[in-house]
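> I'd like to ask you about the structure that follows.
The values are calculated or read from the model by the stated rules, or taken from the named source; none is laboratory data. The shown structure was predicted, so the numbers you read here are calculated from the model rather than taken from an experiment. No Cβ is skipped: glycine too gets one built from the backbone with ideal geometry, and neighbour counts run over all protein chains shown.
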């Protein structure tokens, strides 16, 4: 026998005026509601709080609040020598730290007039580790964003690839994540034996996994519905707000530091800059996937073209001695001590250099006073710039849309709380 809903309501509520009740039971309070999203929400990456004012599920106002990581890179740098700051740069964008190392080294080298003296092999090695880091950055962003929308398989596939690349970088630097590998004047040591064969094999395997992931995501209705038309930004807005990297290129801004202001050996390799049209989350995803393919293309060329030679300038005033000498000769031990404690003597002046980070233009500005420590240091962190657009992007979207928008912004806490 079918249950009579009206009778059930009368039984539970002990009321007979069910008709009167049904007229009002679906009324919602007219007031807007204010709720917190983060900083402990997993989609906020642990370090951002958004105070949302919502009308039902629609965001009508938001206050995006970074600052929960307390990194303080710029102030810490005033109390460390130029060499000691390399580990600090690792903790800016800790998903692609090698690029941060390169950017800081280039700024110091510009102040010291060493830009044209960096050995060719060192420039190739810097490019190789930077492009590997760019791939790991995009793999993390795309994989994590897909997982947050329920696509757990691509997340596991891309993390598998990322682990292969992390293992390669570990053979280079000795560290899995925070490498401190680049030095003023070059890099700390050469690529290990057998690195080229391992890298080519890893790239081959990564390309196979990318075919699998694109097959799972590109035409997946749920994925496309959650990404297409969500968080769209116009080309004009991207330029006005200072957006760079994949976010700006997804809007149609054809700007890539590696092409427009080539550094290291980027003018000696061929690659394309993917540019989108709609500026939404789907285009940001597609741009990042294509950039992975272009980075693989660059890496293959680098391994064919890399010359022999030293990997650091032969100037004892700039470079640290080899570890074996540091441990076995008093002169090298003293030199090592002076480099770390007193620092490299950088001429007074100021310089700004910029590289193409995983999220776009990553710049370092240094004011030197002639001592071994910077007087002032500033980082132009793309994540911080992009986070400033989050409030506008999520406006008039649903709460559920915040997840893909925030994910494809690829906010890195270390860069924001600088």
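> How many residues does region 43-56 hold that are outside any loop (DSSP other than H, G, I, E, B), touching a residue at least 40 places away in the same chain (Cβ under 8 Å) and over 15 Å from residue 401 (Cβ atoms)? Steps first, answer last, please.
Taking region 43-56 as the starting set, the residues that turn out to be outside any loop (DSSP other than H, G, I, E, B) are 43-44, 49-55.
Applying the additional criterion that residues be touching a residue at least 40 places away in the same chain (Cβ under 8 Å) yields 43-44, 50, 52, 54.
If we keep only those that are over 15 Å from residue 401 (Cβ atoms) too, we end up with none.
Of the residues in region 43-56, 0 are outside any loop (DSSP other than H, G, I, E, B), touching a residue at least 40 places away in the same chain (Cβ under 8 Å) and over 15 Å from residue 401 (Cβ atoms).
Matching residues to (1) surrounded by 24 or more Cβ atoms within 10 Å (Cβ to Cβ); (2) assigned by TED's automatic domain parsing to the domain that holds residue 315; (3) in contact with a helix residue (DSSP H, G or I) (Cβ under 6 Å, 6 or more places away or on another chain):
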site: 137; (1), (2), (3): yes, yes, no
site: 167; (1), (2), (3): no, yes, no
site: 178; (1), (2), (3): no, yes, yes
site: 182; (1), (2), (3): yes, yes, yes
site: 187; (1), (2), (3): yes, yes, yes
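> Also, I was wondering about something else. Mind checking which helices (runs of 4 or more DSSP H) fall wholly inside region 307-418 and carry at least 2 residues that are within 20 Å of the chain's Cα centre (by Cα)?
On the way: elements: 323-328, 330-341, 382-387, 390-394, 399-409, 413-416.
Qualifying helices (runs of 4 or more DSSP H): 382-387, 390-394, 399-409, 413-416.
> Considering only region 279-294, I want to know if a residue exists there that is farther than 18 Å from residue 355 by Cβ and loosely packed, with under 14 Cβ neighbours inside 10 Å.
no
> Next question, about the same structure. Can you pull out the residues in region 89-113 that are under 23 Å from residue 162 (Cβ atoms) and not in a loop (DSSP other than H, G, I, E, B)? Spell out the reasoning first.
Just the residues of region 89-113 that are under 23 Å from residue 162 (Cβ atoms), to begin with: 89-103.
Residues satisfying the conditions are 89, 90, 97, 98, 99, 100, 101, 102, 103.
> Can you name every residue in region 153-165 that is closer than 25 Å to residue 92 by Cβ and either in contact (Cβ under 8 Å) with a residue 12 or more places away in the chain or not assigned by TED's automatic domain parsing to the domain that holds residue 301 (or both)?
155, 158, 159, 161, 162, 164, 165
> Quickly run through region 238-290 and pick out the residues that are part of a loop (DSSP other than H, G, I, E, B), closer than 19 Å to residue 391 by Cβ and in contact (Cβ under 8 Å) with a residue 40 or more places away in the chain. Don't jump to the end; show me each part of the working.
Initially, region 238-290 is screened for residues part of a loop (DSSP other than H, G, I, E, B), giving 241-244, 251-256, 261-265, 269-280.
Now restrict to residues that are closer than 19 Å to residue 391 by Cβ: 241-244, 251, 279-280.
Within region 238-290, 241, 242, 243, 244, 279, 280 meet the criteria.
> Right, another one. Hey, can you tell me all the residues within region 368-398 that are touching a strand residue (DSSP E or B) at 6+ places or on another chain (Cβ under 9 Å), crowded, with 16+ Cβ neighbours inside 10 Å and farther than 20 Å from residue 93 by Cα?
Within region 368-398, 368, 374, 394, 397 qualify.
For (1) at pLDDT 80 or above; (2) not assigned by TED's automatic domain parsing to the domain that holds residue 405, each residue gets a yes or a no:
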residue: 10; (1), (2): no, yes
residue: 26; (1), (2): no, yes
residue: 47; (1), (2): yes, yes
residue: 53; (1), (2): yes, yes
residue: 59; (1), (2): yes, yes
residue: 84; (1), (2): yes, no
residue: 112; (1), (2): yes, no
residue: 116; (1), (2): yes, no
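> Hey, another quick one. Take the conditions farther than 21 Å from residue 134 by Cβ, out of contact with any strand residue (DSSP E or B) (no Cβ under 9 Å at 6 or more places or on another chain) and touching a residue at least 40 places away in the same chain (Cβ under 8 Å) and apply them to residue 401. Does it pass?
On the way: farther than 21 Å from residue 134 by Cβ: yes; out of contact with any strand residue (DSSP E or B) (no Cβ under 9 Å at 6 or more places or on another chain): no; touching a residue at least 40 places away in the same chain (Cβ under 8 Å): yes.
No; evaluated as a whole, the condition is false for this residue.
> Please go through region 185-217 and give me each residue that is in contact with a strand residue (DSSP E or B) (Cβ under 8 Å, 6 or more places away or on another chain) and without any contact (Cβ under 8 Å) to a residue 12 or more places away in the chain, ordered by number.
Of region 185-217, the ones in contact with a strand residue (DSSP E or B) (Cβ under 8 Å, 6 or more places away or on another chain) are 185-188.
Those that are in contact with a strand residue (DSSP E or B) (Cβ under 8 Å, 6 or more places away or on another chain) and without any contact (Cβ under 8 Å) to a residue 12 or more places away in the chain: none in region 185-217.
> Within region 257-267, how many residues turn out to be crowded, with 19+ Cβ neighbours inside 10 Å and either in contact with a strand residue (DSSP E or B) (Cβ under 8 Å, 6 or more places away or on another chain) or farther than 22 Å from residue 301 by Cα (or both)?
Looking only at that region, the number is 3.
> Among (1) in contact (Cβ under 8 Å) with a residue 60 or more places away in the chain; (2) assigned to a helix (DSSP H, G or I); (3) over 25 Å from residue 181 (Cβ atoms), there is one condition residue 300 misses while meeting the rest; what is its number?
Here residue 300 clears every test but (3).
> Sticking with this structure for a sec: If you check 204, 308, 272, which single one turns out to be surrounded by fewer than 16 Cβ atoms within 10 Å (Cβ to Cβ), out of contact with any helix residue (DSSP H, G or I) (no Cβ under 8 Å at 6 or more places or on another chain) and assigned by TED's automatic domain parsing to the domain that holds residue 386?
It is 204.
> Here is a follow-up. Those residues that are surrounded by fewer than 20 Cβ atoms within 10 Å (Cβ to Cβ) and closer than 14 Å to residue 358 by Cα, I need them from region 233-256; list them, please.
Of the residues in region 233-256, the ones surrounded by fewer than 20 Cβ atoms within 10 Å (Cβ to Cβ) are 234-237, 239-242, 252, 254-255.
Scanning region 233-256 gives a single hit, 255.
> In region 57-82, how many are in a strand (DSSP E or B) and either surrounded by fewer than 18 Cβ atoms within 10 Å (Cβ to Cβ) or without any contact (Cβ under 8 Å) to a residue 40 or more places away in the chain (or both)? Let's see the steps before the verdict.
At the first step, the residues of region 57-82 found to be in a strand (DSSP E or B) are 58-65.
Subset that is either surrounded by fewer than 18 Cβ atoms within 10 Å (Cβ to Cβ) or without any contact (Cβ under 8 Å) to a residue 40 or more places away in the chain (or both): 58, 60-61, 63, 65.
Number satisfying all stated conditions: 5.
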